[in-house]
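Participant: Input: one structure, supplied below.
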Amino acid sequence: MDNNLIISLDGKVLVGVKDKSIKSVIVPDSVTKIGRHAFLGCTSLESIDIPDSVKKIGYHAFEGCTSLASILIPNSVTEIGWQAFYGCTSLTSIAIPDSVIEIGWDAFKGCTSLASLDIPNSVTEIRGGAFMGCTS
């Protein structure tokens, strides 16, 4: 396991990282939730491998990850929390899996490079401002 990751005692929540200059992450299979603020401000983060065990991407999880250009959200995820990808200015495309039912407030707000987005019919709620400022 990556010694840079901060994981809850039960191994189910990725709480954060010790070094905000991290460039890539492989999330352990035991994790079911990427916690609130887990990667907040990790401006060098370019890639993350999220396993099928993850069900929720928490509030502000990737906020301000300005180097994150793409992310593969696994089919296990049902909820993308408030401002989860807020300000990810390098994010160019995203495919939301069929398992997602809710996209939180301001989830992709300020993703100015986001030019391609697939939203499946499974999404029953898109909260306010979810794509505000997505100028591409």
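The values are calculated or read from the model by the stated rules, or taken from the named source; none is laboratory data. Keep in mind that what you see is a predicted model, and the values were worked out from it rather than measured. Quick reminder, even Gly has a Cβ in these numbers, built from the backbone with ideal geometry, and neighbours come from all protein chains shown. When the accessible area is computed, the model is the full protein with side chains, heavy atoms only, and any ligands, DNA or RNA have been set aside. Shrake-Rupley method; radii C 1.70, N 1.55, O 1.52, S 1.80 Å.
Participant: What does the highest-first list of 122-128, 52-58 look like by mean Cβ count within 10 Å?
Facilitator: Final packing ranking: 52-58, 122-128.
Participant: Let me ask you something else. Just to be sure I follow: if Rg is taken over the C-alpha atoms of the chain and Rh is the Kirkwood radius over the same atoms, what is Rg/Rh?
Facilitator: Result for the chain is an Rg/Rh of 0.94.
Participant: Could you check how many percent of all C-alpha pairs in the range 10-82 are farther apart than 15 Å?
Facilitator: Here the tail beyond 15 Å accounts for 48 percent of pairs.
Participant: Additional query: Which percent of the accessible heavy-atom area of the chain goes to carbon and sulfur, probe 1.4 angstrom?
Facilitator: That fraction is 51 percent.
Participant: Please work out the average accessible area per residue across the range 6-132, using the 1.4 Å probe convention, and give it in Å².
Facilitator: 46
Participant: Just how large is the dipole of the chain about the Cα centre, in debye to the nearest 20, putting +1 at every Lys and Arg Cβ and -1 at every Asp and Glu Cβ?
Facilitator: 340
Participant: Direction-averaged shadow area of the convex hull around the Cα atoms of the range 85-136, nm²?
Facilitator: Taking a quarter of the hull surface, the average projection is 3.0 nm².
Participant: In the chain, what percentage of the DSSP-assigned beta bridges are antiparallel, given to the nearest 5?
Facilitator: Percent antiparallel among DSSP bridges in the chain is about 15.
Participant: Compute a Gaussian network model of the chain, connecting alpha carbons closer than 10 Å, and tell me which residue from P97, P120, P28 fluctuates the most.
Facilitator: So, out of P97, P120, P28, the one fluctuating most is P120.
Participant: Using a Cα-Cα cut-off of under 22 Å, which lysines could be cross-linked to K12, ignoring same-chain neighbours fewer than 8 residues away?
Facilitator: Once the sequence-local lysines are set aside, what remains near K12 is K20, K33, K55, K56.
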